């Protein structure tokens, strides 16, 4: 999982409105695959929210408000999960949580 964090942070800290939805879908699918068999607290919630976000990006008419809401929710879920992970991975997950929440807030005000 940690190898996926840095590229995801780069995407989230960029201009999401310019991001090709197909690239977002590819990144989400990689995360979904990594979480399929995860058994830690919050993994199932994060997996479900990623699926909802992927479906929004695959939609013919993505709902920006819903995407912002899902990013914020993913950030909150990731922060809760990060609280149970020690060391560098925990720090990376916390940074990811903050980036997700920031991206959600940014899209929500766009």
Query raised in the report: Of all residues in segment 74-110, which are without any contact (Cβ under 8 Å) to a residue 60 or more places away in the chain, closer than 18 Å to residue 35 by Cα and crowded, with 19+ Cβ neighbours inside 10 Å?
Result: 74, 75, 77, 78, 81, 82, 97
Requested in this report: Evaluate the following for residue 10: is it surrounded by fewer than 18 Cβ atoms within 10 Å (Cβ to Cβ) and either in contact with a helix residue (DSSP H, G or I) (Cβ under 7 Å, 6 or more places away or on another chain) or at pLDDT below 90 (or both)?
Outcome: yes
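Going residue by residue through segment 10-21, is there one that turns out to be touching a residue at least 24 places away in the same chain (Cβ under 8 Å), in a helix (DSSP H, G or I) and more than 13 Å from the chain's Cα centre (by Cα)? Talk me through it step by step, then tell me what you get.
As a first pass, look at segment 10-21 and keep what is touching a residue at least 24 places away in the same chain (Cβ under 8 Å): 12-13, 16-17, 21.
Restricting the remaining residues to those that are in a helix (DSSP H, G or I) gives 12, 16-17, 21.
Next, from what is left, pick out any that are more than 13 Å from the chain's Cα centre (by Cα): 17, 21.
Among the residues of segment 10-21, at least one is touching a residue at least 24 places away in the same chain (Cβ under 8 Å), in a helix (DSSP H, G or I) and more than 13 Å from the chain's Cα centre (by Cα), which makes the answer yes.
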Query raised in the report: Looking at 67, 28, which is the one that is in contact (Cβ under 8 Å) with a residue 24 or more places away in the chain and either within 10 Å of the chain's Cα centre (by Cα) or surrounded by fewer than 16 Cβ atoms within 10 Å (Cβ to Cβ) (or both)?
Result: 28
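Please tell me if residue 34 is over 18 Å from residue 102 (Cβ atoms), assigned to a helix (DSSP H, G or I) and at pLDDT below 90. Full working, then the answer.
Details: over 18 Å from residue 102 (Cβ atoms): yes; assigned to a helix (DSSP H, G or I): yes; at pLDDT below 90: yes.
For residue 34, the condition - over 18 Å from residue 102 (Cβ atoms), assigned to a helix (DSSP H, G or I) and at pLDDT below 90 - is met.
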Query raised in the report: Given the residues 81, 52, 68, which is the only one that is at pLDDT below 90 and part of a helix (DSSP H, G or I)?
Result: 81
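Is it true that residue 42 is exposed (fewer than 15 other Cβ atoms within 10 Å of the Cβ) and at positive phi?
When the stated conditions are applied, residue 42 does not pass them.
The values are calculated or read from the model by the stated rules, or taken from the named source; none is laboratory data. The model shown is predicted, which means the values in this text are computed figures rather than measured ones. Note: ideal-geometry Cβ built from the backbone for every residue, glycine included; neighbour counts use all protein chains shown.
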